[in-house]
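This report refers to the structure that appears directly beneath it.
The values are calculated or read from the model by the stated rules, or taken from the named source; none is laboratory data. Keep in mind that what you see is a predicted model, and the values were worked out from it rather than measured. Please note: Cβ atoms are built from the backbone with ideal geometry, for glycine as well, and neighbour counts cover all protein chains shown.
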RNA sequence: GCUGACGUAGCUCAAUUGGCAGAGCAGCUGAUUUGUAAUCAGCAGGUUGCGAGUUCGAUUCUCGCCGUCAGCUCCA
């Protein structure tokens, strides 16, 4: 017998091997109808599964988020069912549920065409209508090998299974798949789904293995949820920074330098504004430095990059030695160590924080490049802190405040992750114990919630990562605080302590925006190009209604510029409507219209971005004061994040 | 790097089976002097990504290169 504890504390005692369905039925008939699967001691199993162990027991219905993954996994099987019907020769790879849906990998001679995908979706609807139950079977290894003898992918998977693992299959109508489960009761449960796109994917992610054809899809319990998801995908397309970069005239790319942005005047204004913002916040407690862009291999040999990272560096040909023995820097750390190590440091200087915005180059694979989010040339708001071990606690708190304050300025929410020692690492266990303890206690002291990521740390030390969610709910890993005991050893860094002997400092690597380029991309998408006033490349556009008012408008524009406002006049002879339309499309936060009335009264008819005809007539000085206040307070005002524009 | 799709005017996109490369917007010129999201007319704009090949003839078909995009384990 096993004992199951229900969420309300009630207990059920049932014989070993009782199907979960029977337990659910004993709780209530209506619950059985709504049930998708059950969770026993944290493990999700389907209703047909014989229960082998007891513990906390709860029933999943459509309302439980976990049930969606079950539905999607079943969706993957239904997709495979349809594909096998139309393409019986297709080999079956993996078909898991993923964050936003599911996919399935198929081994086929010819890649799928968009028409194939349409046909698969139509066929899936048939499979759904046929309501095949998902039948679970547990079989032994010999039987498993026999059943999947025609599919080398599955045979390989079976061979990888541990000796003590239960091998199970799931059958829905004509389709059988090696699968751990769980699944929904029958194929009829999949009502709202859509196949999205296809792509090549290496078998088991290994580029030396054959390439399979992956079909991505998504599914939801409710029609509205599916529609909302598809709408979100559309919305993401509309906010795509690569598109907005063009229409808002911020940056471009050219085949003469793949992966490196050309910034226009408007884009450069924004870029500089962002950098100035960080620089300003760092003015008091940090020391900004600049180090060379090119180094010979001595440095990279010392840092260890020459061995492991050389493929990703842009190497430079040496005329005298005829060798590729130097490179553009792909990161700042080693050069900061060189500068630190060049003179003696007292404990009184610590923590010493070197910051820089130097340009970095990484030779990314061509296929990895994508807009501003994956580039070959970029800058980081990079910082290396040299400190005593006893200062870690306070320093981490200081850096965290700094980082979170940065995101808050843009209305971005951060999730904090604490990553501990990976399997492949350097340094003793004792060192890792100390480092992890120090970092986590500092993290705890901040009182902020965080997530644990065991094994996800850097090879030289544990770290805290900051994942930021933009206005579409997409997560980006930006900031990081990494503890490093290894670099000070490698570079023999020292400080003179209170006791007048030399000691080894600890290094903390810190980034806030990550790369400025990528952060720009995130901001463009987060705000949908409608930037807060302080960040907008053009803050005010002054529009004289007719030519004869241009001199007045020019004077007003000059006054705004003198006050430090990024103002431009548009006195072209096009109609006011035309010029306003253009200003709105360029997402200028304010348009100031000057007609005869305003010229005489010394006022402006102010139109706020996205507010349509709602206009306000204010004095020139009052308006200037208002814009300056927007800038000073870095108000999010009517930015795209605030309005969803 | 690998797989697939794509590359036509500054931008967004057309161009039957291979048969003179087009449109809208933007630009320029002129007229219009405008009161809150497109005034009208005219003009100009191209080595169809680059290079070979097939053909009487290539934007279209074939090959190579360059670039862009979707992806390349969230494990049965």
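Taken together, the criteria place residue A:115 among residues that are in a helix (DSSP H, G or I) and either crowded, with 17+ Cβ neighbours inside 10 Å or at pLDDT below 90 (or both). Taking residue A:430, is it outside any strand (DSSP E or B), without any contact (Cβ under 8 Å) to a residue 12 or more places away in the chain, out of contact with any strand residue (DSSP E or B) (no Cβ under 8 Å at 6 or more places or on another chain) and assigned by TED's automatic domain parsing to the domain that holds residue A:469? In short, yes. If you go through the range A:215-229 and pick out every residue that is surrounded by fewer than 16 Cβ atoms within 10 Å (Cβ to Cβ) and either within 14 Å of RNA strand B (Cβ to nearest atom) or within 30 Å of residue A:262 (Cβ to Cβ) (or both), you end up with 0.
Taking the range A:40-59 as the range and being without any contact (Cβ under 8 Å) to a residue 40 or more places away in the chain and either crowded, with 24+ Cβ neighbours inside 10 Å or not in a strand (DSSP E or B) (or both) as the test, the residues that pass are A:41, A:42.
Does the range A:119-142 include one or more residues that are surrounded by fewer than 19 Cβ atoms within 10 Å (Cβ to Cβ), in a helix (DSSP H, G or I), within 11 Å of RNA strand B (Cβ to nearest atom) and touching a residue at least 24 places away in the same chain (Cβ under 8 Å)? Yes, some residue in the range A:119-142 is surrounded by fewer than 19 Cβ atoms within 10 Å (Cβ to Cβ), in a helix (DSSP H, G or I), within 11 Å of RNA strand B (Cβ to nearest atom) and touching a residue at least 24 places away in the same chain (Cβ under 8 Å). Take the conditions touching a residue at least 12 places away in the same chain (Cβ under 8 Å), touching a strand residue (DSSP E or B) at 6+ places or on another chain (Cβ under 9 Å) and over 30 Å from residue A:121 (Cβ atoms) and apply them to residue A:35. Does it pass? In short, no. For beta carbons closer than 6 Å, sequence separation of 6+ or different chains, a first residue in the range A:238-256 that is near RNA strand B (Cβ under 7 Å from one of its atoms) and a second that is at pLDDT below 95 and part of a loop (DSSP other than H, G, I, E, B), the qualifying pairs are A:242/A:371. All of A:183, A:197 fail the test of being within 12 Å of RNA strand B (Cβ to nearest atom), at pLDDT 90 or above and assigned by TED's automatic domain parsing to the domain that holds residue A:139, apart from A:183. Within the bounds of the range A:84-99, is there any residue that is touching a helix residue (DSSP H, G or I) at 6+ places or on another chain (Cβ under 7 Å), more than 12 Å from RNA strand B (Cβ to nearest atom) and closer than 24 Å to residue A:226 by Cβ? Yes, the range A:84-99 contains at least one residue that is touching a helix residue (DSSP H, G or I) at 6+ places or on another chain (Cβ under 7 Å), more than 12 Å from RNA strand B (Cβ to nearest atom) and closer than 24 Å to residue A:226 by Cβ.
Inclusion of residue A:154 among residues that are more than 8 Å from RNA strand B (Cβ to nearest atom) and touching a residue at least 40 places away in the same chain (Cβ under 8 Å) is not warranted.
Highlighted here are the helices (runs of 4 or more DSSP H) found entirely within the range A:510-587 that include at least 3 residues which are within 15 Å of RNA strand B (Cβ to nearest atom) and out of contact with any helix residue (DSSP H, G or I) (no Cβ under 9 Å at 6 or more places or on another chain): A:550-562, A:576-585.
Look through A:410, A:398 and report the one residue that is at pLDDT 85 or above, in contact with a helix residue (DSSP H, G or I) (Cβ under 7 Å, 6 or more places away or on another chain) and closer than 30 Å to residue A:533 by Cα.
After ruling out the rest, the residue left standing is A:410.
Residue A:94 falls short on exactly one of the conditions (1) assigned to a loop (DSSP other than H, G, I, E, B); (2) loosely packed, with under 14 Cβ neighbours inside 10 Å, and that condition is (2).
Per-residue answers, yes or no, for (1) modelled with pLDDT of 95 or more; (2) outside the structural domain of residue A:189 (by TED's automatic domain parsing); (3) under 22 Å from the mean Cα position of the chain (by Cα):
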position: A:218; (1), (2), (3): no, no, yes
position: A:223; (1), (2), (3): no, no, no
position: A:232; (1), (2), (3): no, no, yes
position: A:246; (1), (2), (3): no, yes, no
position: A:257; (1), (2), (3): no, yes, no
position: A:272; (1), (2), (3): yes, yes, no
position: A:275; (1), (2), (3): yes, yes, yes
